[in-house]
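The next block holds one structure in the form of structure tokens; read it before the comments.
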Amino acid sequence: MISTSARIVRYVANFEKLSIPHAPIWLTERELSELSYWKDSSRRDHWLAGRWIAKRLVARSSRTEMLREVEILSRGADGLGKAPSVLVRGHASDCRLSISHSQRAILVGLSGSDARIGVDVASDVPQTSGFRSRWFSDHEAKWIDADVPGRLPIVWALKESIFKACGNGSKWDPRAVEVVAMEADRVHGRVHGIDTEPLSMWVRATSHGAATAVWTERATQEVSLCS
Ligand SMILES: CC(C)(COP(=O)(O)OP(=O)(O)OC[C@H]1O[C@@H](n2cnc3c(N)ncnc32)[C@H](O)[C@@H]1OP(=O)(O)O)[C@@H](O)C(=O)NCCC(=O)NCCS
């Protein structure tokens, strides 16, 4: 059954352990066209793994015919990346989807139309003082300073997650996305000087940095982890 109302964050630590069919018969023509944009084999593998996880979450099925009914597109007419849109049997679905890939990890967030969602896996983020002063606000930098290796990747991943959830089609500019404050399971963000809606957050330390997810609305989130 195809579902567009669940709220799920799925983290896969090593996508090479997934049994993704070699033949791309589970992809639509337009998805194959988007895949052909990527020439680098590693980026193609990441793209495929993200689609495999995301399509199965939406379809709630691994059957090829069900997966082909779900189409996920993330490239604008200008050729630039955009927030993924989901079509089910050719019709725009109102579910919201966010995808991130880094190293061998894949993170996918899915929510209904009532909640914005953004996810990010941050790996090997530079920790030099130059990088910190260039891309982080004074407030962020102060918080990071207490534990640079532990906190810097979290703030970076939160910036990207907030951008994906609340960027509204703007261009990615790390300086324009601010982590204003954090509580146990909440983060207050600002994008281009405008406060975002209150965001719930999920944070996980990874071997190379951090994985984060943010979503509007305080709701019970299903998080499943795979190695
Ligand atoms: C968002 C962005 C910073 C993430 O880059 P990254 O950290 O290297 O990569 P991640 O793996 O974490 O995220 C990539 C995914 O983000 C999603 N994405 C891309 N652009 C996005 C955007 N503007 N908003 C939300 N999600 C976006 C895509 O699903 C992409 O995965 P896919 O190509 O496999 O579908 C980068 O993709 C970007 O700069 N996108 C904006 C491009 C742009 O300026 N577009 C014009 C305005 S829409």
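Structure above, values below:
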| read-out | value |
| --- | --- |
| Qualifying position, being loosely packed, with under 12 Cβ neighbours inside 10 Å and either hydrophobic (A, V, I, L, M, F, W, C) or outside the structural domain of ARG30 (by TED's automatic domain parsing) (or both), among ALA77, ALA115 | ALA77 |
| Any hit, the stretch 59-66, residues being outside the structural domain of GLU160 (by TED's automatic domain parsing), within 16 Å of the ligand (Cβ to nearest atom), surrounded by 13 or more Cβ atoms within 10 Å (Cβ to Cβ) and not basic (Lys, Arg) | no |
| Count of the stretch 121-177 residues which are in contact with a strand residue (DSSP E or B) (Cβ under 6 Å, 6 or more places away or on another chain), in a helix (DSSP H, G or I) and within 15 Å of the ligand (Cβ to nearest atom) | 14 |
| Subset tally (residues that are hydrophobic (A, V, I, L, M, F, W, C), over 11 Å from LEU97 (Cα atoms) and modelled with pLDDT under 95) for the stretch 107-123 | 0 |
| Residue match in the stretch 27-48 (condition: loosely packed, with under 14 Cβ neighbours inside 10 Å, touching a Lys or Arg at 6+ places or on another chain (Cβ under 8 Å) and farther than 21 Å from ALA105 by Cβ) | yes |
| Residues of the stretch 67-98 satisfying the condition of being touching a residue at least 12 places away in the same chain (Cβ under 8 Å), within 11 Å of the ligand (Cβ to nearest atom) and more than 18 Å from GLY118 (Cα to Cα) | GLY79 |
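The values are calculated or read from the model by the stated rules, or taken from the named source; none is laboratory data. Fair warning: this is a prediction, and the values are worked out from it, not measured in the lab. Cβ sites come from the backbone with ideal geometry, for glycine too, and all protein chains shown count toward neighbours.
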